[in-house]
Amino acid sequence: NRRKKKDDSILEVPSIPNPFPELCCSPFASVLSASLLPKATSRKKQVIKVYSEDDTSRALEVPSDITARDVCQLLILKNRYIDDHSWTLFEQLTHTGLGRAIEDHELVMEVQSNWVMEEETKLYFRKNYAKYEFFKNPLNFFPDHMISFPSETNAALSHSGILQMFLSSSTYPEIHGYLHAKEQGKKSWKKLYFLLRRSGLYFSTKGTSKEPRHLQFFCEFSNSDMYMSLTGKKISGAPTNYGFCFKPNKSGGTRDLKQLCADDEQSRTCWMTAIRLLKYGMQLYQNYMQPYHGRSGCSPLNLTPMRSISENSLVAMDFSGHRSRIIENPTEALSVAVEEGLAWRRRGCLRLNSHGSPIAMSNMGMSIHRSQSWFHHKISREEAQRLILQHGLVDGVFLVRDSQSNPKTFVLSLSHGLKIKHFQIVPLEDDGKLFYTLDDGHTRFTDLIQLVEFYQLNKGVLPCKLKHYCARIAL
């Protein structure tokens with residue numbers, strides 16, 4: 001009876017009217033109430049510092065889950081660069097002379113969390129034209145003598161067949177060959193026969209034997225990153241300049257490095273490319289096919305898309321007559337292009353002549369190349385090779401520099417066939433006029449800009465056309 005009286009008293013209390021009934025009856029009540037509350041998992045922001053080739057730097061406040069591709073996109077937008085999908089974020093260990101291109105999908109904060117306090121590590125923003133080149137020309141990256149396919153696979157694979165095997169989860173080609181390995185805790189190097197399989201990297205204890213009892217495990221890649229040696233023999237004392245190594249995540253320093261060295265650039269490129277494909281697989285292909293996903297607030301959706309122009313879509317036209325026509329003869333198209341370029345050059349010189357004296361024009365012609373992005377003033381041969389290597393050993397990557405052996409001449413440094421070649425540009429005086437030539441005077445140019453523009457259109461005496469220049473950008 002007492003409990004019943006208590007319940008009756010509770011029921012007699014008048015209910016308080018709800019001033020916001022729509023929050024209770026609306027089907028969107030849960031959504032609205034959740035939106036009014038602060039997010040429990042808000043993205044934290046941190047500051048990172050990124051360097052460029054000329055040692056200028058820029059501090060960026062970025063979310064904690066930002067990827068390397070997002071950082072590149074942010075710098076592209078802030079500096080108004082053209083996004084040709086070759087911009088890359090590099091991790092460089094200054095004291096050890098090691099560096100690597102951070103994959104587009106990697107989280108920058110995770111990369112920085114693996115840094116050791118004793119090491120001076122920096123992030124660099126530069127171009128890497130060879131980042132996904134193996135998807136375009138896989139046959140150039142995997143020579144026949146270094147790759148073996150499963151017995152049931154046809155040896156003569158097509159362009160797409162090799163890629164499918166590398167990206168397949170069931171089959172994987174075997175990479176094999178000799179490498180120099182540095183013994184743990186010693187300064188000596190030993191040449192061993194290595195094999196790369198899906199389970200990891202092995203070396204043979206008995207010549208080139210592939211029997212399981214002769215194979216010894218060397219390294220696996222899930223908990224380590226692969227770096228390229230940027231200093232060659234200087235720091236590590238390697239037998240060649242084509243070194244690379246594996247650094248465990250959160251390692252104690254150089255003592256934990258597993259260092260290897262190849263005999264040539266083709267061998268090193270093959271090993272490093274195959275290991276990248278083994279470690280990341282389809283993720284690399286997705287990065288290549290969809291270069292930007294826009295996950296960190298710097299999405300380019302509000303920007304006007306940049307038109308992509310392919311060389312195959314360009315058509316040579318002749319506008320000299322009453323009607324325009326398509327030039328179908330490739331020889332005629334080439335001669336018309338060269339003549340049009342020379343005419344444009346003459347018109348430009350006439351415009352400059354109208355505002356300056358002949359002496360001023362002569363001095364301008366001598367130094368006009370200094371303002372070009374592809375010209376590097378007073379750098380050594382070794383530094384030129386390092387710059388080209390960092391930009392990727394793709395056919396056509398080049399720069400022009402002063403010659404150190406002959407102060408009056410210049411040098412064109414060019415990448416071709418995974419090698420860096422150097423061609424001397426010689427000044428030539430004829431009838432009181434100064435010209436520049438690469439072929440002993442058979443083809444002459446009034447300045448270096450005209451020379452570079454010509455070889456961007458024509459191969460001439462060079463092994464390939466000039467395609468991508470190495471530039472020291474400023475942030």
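The values are calculated or read from the model by the stated rules, or taken from the named source; none is laboratory data. Quick caveat, the model's predicted, so the values are computed rather than measured. Reconstructed Cβ throughout: ideal geometry from the backbone, glycine too, with neighbour counts over all protein chains shown. Please note that ligands, DNA and RNA were not included when accessible areas were found on the heavy atoms of the full protein model with its side chains. Shrake-Rupley method; radii C 1.70, N 1.55, O 1.52, S 1.80 Å.
Results, tabulated for the structure shown:
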item	result
Label-reachable residues, the stretch 450-475, where backbone N falls under 14 Å from a point 7 Å from S373's Cα toward its Cβ	467-475
Nonlocal amide H pairs with D225, under 5 Å, H built at 1.01 Å	K247, N249
Euclidean distance of C-alpha centroids, the stretch 89-131 and the stretch 181-238, integer Å	22 Å
Order by protection proxy (mean Cβ within 10 Å, highest first), peptides 222-229, 401-408	222-229, 401-408
Set of lysines with alpha-carbon distance to K459 below 29 Å, sequence-local pairs under 8 removed	K127, K131, K136, K378, K408, K419, K421, K433, K467
Apportionment of accessible area to carbon and sulfur, the stretch 370-469, percent (1.4 Å)	46 percent
Cβ-Cβ FRET estimate between K206 and A59, R0 fixed at 41 Å, reported to 0.05	0.15
Cα-projected label distance for K136 with S188, points at 7 Å along beta-carbon direction, nm	4.5 nm
Residue-count net charge about G237 - beta-carbon cut-off 9 Å; Lys, Arg +1, Asp, Glu -1	+4
Spin-label proximity, R444 to the stretch 406-429 - amide N less than 14 Å from point 7 Å beyond Cα toward beta carbon	426-429
Dipole in debye (nearest 20) - the stretch 45-127, about Cα centre, beta carbon charges: Lys, Arg +1; Asp, Glu -1	300 debye
Residue-normalised accessible area of the stretch 133-290, given per residue in Å² at a 1.4 Å probe	50 Å²
Pair E383, K122: separation of 7 Å Cα→Cβ label points (nm)	1.3 nm
1.4 Å probe accessible area per residue over the stretch 387-472, in Å²	46 Å²
K467-K233 FRET efficiency (beta carbon distance; Förster radius 25 Å; 0.05 resolution)	0.25
For the stretch 45-127, accessible area per residue (1.4 Å probe, heavy atoms of protein chains only), Å²	41 Å²
Carbon and sulfur %, accessible surface of the stretch 231-276 computed with the full protein complex present, 1.4 Å	46 percent
Virtual spin-label span in nm between N114 and Y285, 7 Å along Cα→Cβ	2.4 nm
Phi-based couplings in Hz for the stretch 383-394 (Karplus 6.51, -1.76, 1.60; Gly and Pro marked x)	5, 5, 5, 5, 4, 5, 4, 5, 7, x, 7, 9
